[in-house]
Amino acid sequence: MDLEAARAAVRDLMPRARADLTELVAMKSVADPRQYPPEECARAAQWVLDAFAERGFADAHLEETPDGSMAVVGSRPCGDPGAPTVLLYAHYDVQPPLDEAAWHTPPFELTEKDGRWFGRGTADCKGNIVMHLTALRALGDDIPVNLKLVVEGSEEMGTGGLEEFVPGHADLLRADTILVCDTGNAAVGKPAVTVSLRGMVNVVVRVKALASEVHSGMFGGPAPDALAALIEILASLRDEQGNTTIDGLDNTQVWEGAPYPPEDFRSDAGIVEGGALLGSGTVSDMLWARPAVTVLGIDCSPVVGSAAAITPDAAARLNLRIPPGTTPGDAQQALVAHLEGHAPWGVEVEVEIEATGSPFRAVTDGPAYQAIAAAMGDAYDTPMTFLGQGGSIPLCNVLADTFPGAELILMGVEEPACLIHAPNESVDPGEIERMAVTEALFLSRYSR
């Protein structure tokens, strides 16, 4: 398929893409039965299965994964056993809408506003499902590669259903190239693939200084304060510039891909006027090449109802993001040693490990990367760039370990203005259109 034919075909399909996304967004497919009925995920899974079966995945079916969620799996052979195989990935589950009062439009109703389509999942990740379908419809029956499909149903919950499923079902999903469509571009109209993901270590640090609360007037001064000790420990995790300073972790690495302009980051992050950007490196360095620690929460006496007493114990939950090149084991060891080593006044410190995840770095010198760069450059009329992502996608490491010869390409319709995981999630329909053209061109050219 040539460029103009792909553009024309996808353009004509955009009304159907909107209709598809409208149906999908209306399904409240939050993979948590405590919040939404499981029937909503079941409806979404069946919708995905039927849509891809209609596009030639005749064997499309549901597979139960170890966390109980259902993945849509299927294949579409091209008839040429020597042709490469491409696995298409997305997920149909979504984040809960959080504070519905903060939404400007109904979260489970696709609504057009200011040229964007609003609704939970419009970008993450139902927009990517629609991107796949639109590309396949544009190609019709002329697809010169073998296709496989997996669309999971619990990615947002982080319960690891598909990660546990993949190693035991390698033959079902084995492919030469895997399109992991759950990321996106630097901005609208600025094409990119994500080649780096940070790993993470989550811990809870608990500090104990006294057997119980004691009167601050009678004992304050010589008696150690657990909350003050915790504050001092937390303060040691960053320097005056905001660099993460955990003993034993390198915080000087440099990002070599596309830059993240500071003014764009300020806008995307919603930094208050006059607020500083942290760290001694560039925004890209700080986001994608260096460790970053965040205090997620603190347990201590609340302001309302607090008494004139010294706090005997306090706790904090920490999230440490780590770049490629740092293992979770090394990061965990360094963080625990730092927290214990920076405790003042002889207070007791206990560190509980909640979760860990490995960083990911794609290998980008293969034929699939050459093909996607050409396809994306043509679709957008501008060269593709490499981005990092500060978040983690544990599935990528599982896929890389299970299929070490496969090329993993992380791409999709998401970009910073989408506000994924936040109120008022939206997608630019132009991104669905251009990314569908990209995928159609890639699938038609990759066999060459």
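Taking +1 at the Cβ of each Lys and Arg and -1 at the Cβ of each Asp and Glu, which of Ala19, Ala60, Ser75 sits farthest along the dipole of the stretch 1-104 towards its positive end, judged by Cα position relative to the Cα centre?
Result: Ala19, furthest along the dipole toward the positive end.
Give me the net charge for the shell around Glu100: Cβ to Cβ below 12 angstrom, other residues only, Lys and Arg +1, Asp and Glu -1.
Neighbour charge sum, excluding Glu100 itself: 0.
Have a look at the stretch 212-300 and give its Rg and Dmax from the Cα atoms, expressed in angstrom.
Taking only Cα atoms of the stretch 212-300, I get Rg and Dmax of 18.0, 59 Å.
Where in the chain are the helices, taken as whole DSSP H runs, whose Cα atoms extend 27 angstrom or more along the long axis and whose Kyte-Doolittle mean reaches at least 0.0?
TM-like helix candidates: 3-25.
Share of the chain's accessible area from carbon and sulfur, percent, 1.4 Å?
52
Arrange the peptides 325-334, 74-83, 144-153 so that the one whose residues have, on average, the most other Cβ atoms within 10 Å appears first.
144-153, 325-334, 74-83
Which net charge results for the neighbourhood of Glu350, defined as the other residues with beta-carbon distances under 11 angstrom from its beta-carbon, given Lys and Arg at +1 and Asp and Glu at -1?
Cβ neighbours under 11 Å give a net charge of -2.
Need the list of lysines near Lys190 for cross-linking: C-alpha distance under 21 angstrom, and skip anything on the same chain fewer than eight residues off.
Hits, sequence-local ones excluded: Lys126.
Of the residues Gly346, Gly119, Gly127, which exhibits the maximal mean-square fluctuation in a Gaussian network model of the chain defined by a 10 Å Cα contact cut-off?
Gly346
For the chain, what is the Kirkwood hydrodynamic radius in Å, using each pair of distinct C-alpha atoms?
Roughly 23.6 Å, rounded to one decimal.
Could you give the alpha-carbon Rg of the stretch 1-140 over 2.2 N^0.38 Å, rounded to two decimals?
Cα Rg divided by the expected 2.2 N^0.38 Å: 1.14.
Keeping all protein chains in place, calculate the accessible area per residue for the chain (probe 1.4 angstrom), answer in Å².
42
With +1 on each Lys and Arg Cβ and -1 on each Asp and Glu Cβ, how big is the dipole of the stretch 21-102 about its Cα centre, in debye rounded to the nearest 20?
160
Give, in whole angstrom and from largest to smallest, the semi-axes √(5λ) of the equivalent ellipsoid of the stretch 251-349, with λ running over the eigenvalues of the Cα gyration tensor.
Result for the stretch 251-349: semi-axes of 32, 22, 10 Å.
For Gly279, what is the net charge nearby, where nearby means another residue's Cβ is under 12 Å from its Cβ and Lys, Arg count +1, Asp, Glu -1?
Summing Lys and Arg as +1 and Asp and Glu as -1 gives -1.
Between Glu232 and Glu164, what's the calculated FRET efficiency when r is the beta-carbon distance and R0 is 56 Å? Round to 0.05.
Efficiency for this residue pair is about 0.90.
What trypsin sites (Lys or Arg not before Pro) does the stretch 24-80 have in DSSP loop regions with at most 13 other beta carbons within 10 Å?
In loop regions of the stretch 24-80 (DSSP not H, G, I, E or B), the sparsely surrounded trypsin sites (Lys or Arg not before Pro) are Arg34.
Give me the dipole magnitude in Debye, nearest 20, for the stretch 119-217 about the Cα centre, with unit charges on the beta carbon: positive for Lys and Arg, negative for Asp and Glu.
Its charge dipole is roughly 400 debye.
The values are calculated or read from the model by the stated rules, or taken from the named source; none is laboratory data. The model shown is predicted, which means the values in this text are computed figures rather than measured ones. A quick note on method: Cβ atoms are made from the backbone with ideal geometry, for glycine too, and the neighbour counts reach across all protein chains shown. Heavy atoms of the whole protein, side chains included, go into the accessibility calculation; ligands, DNA and RNA do not. Shrake-Rupley method; radii C 1.70, N 1.55, O 1.52, S 1.80 Å.
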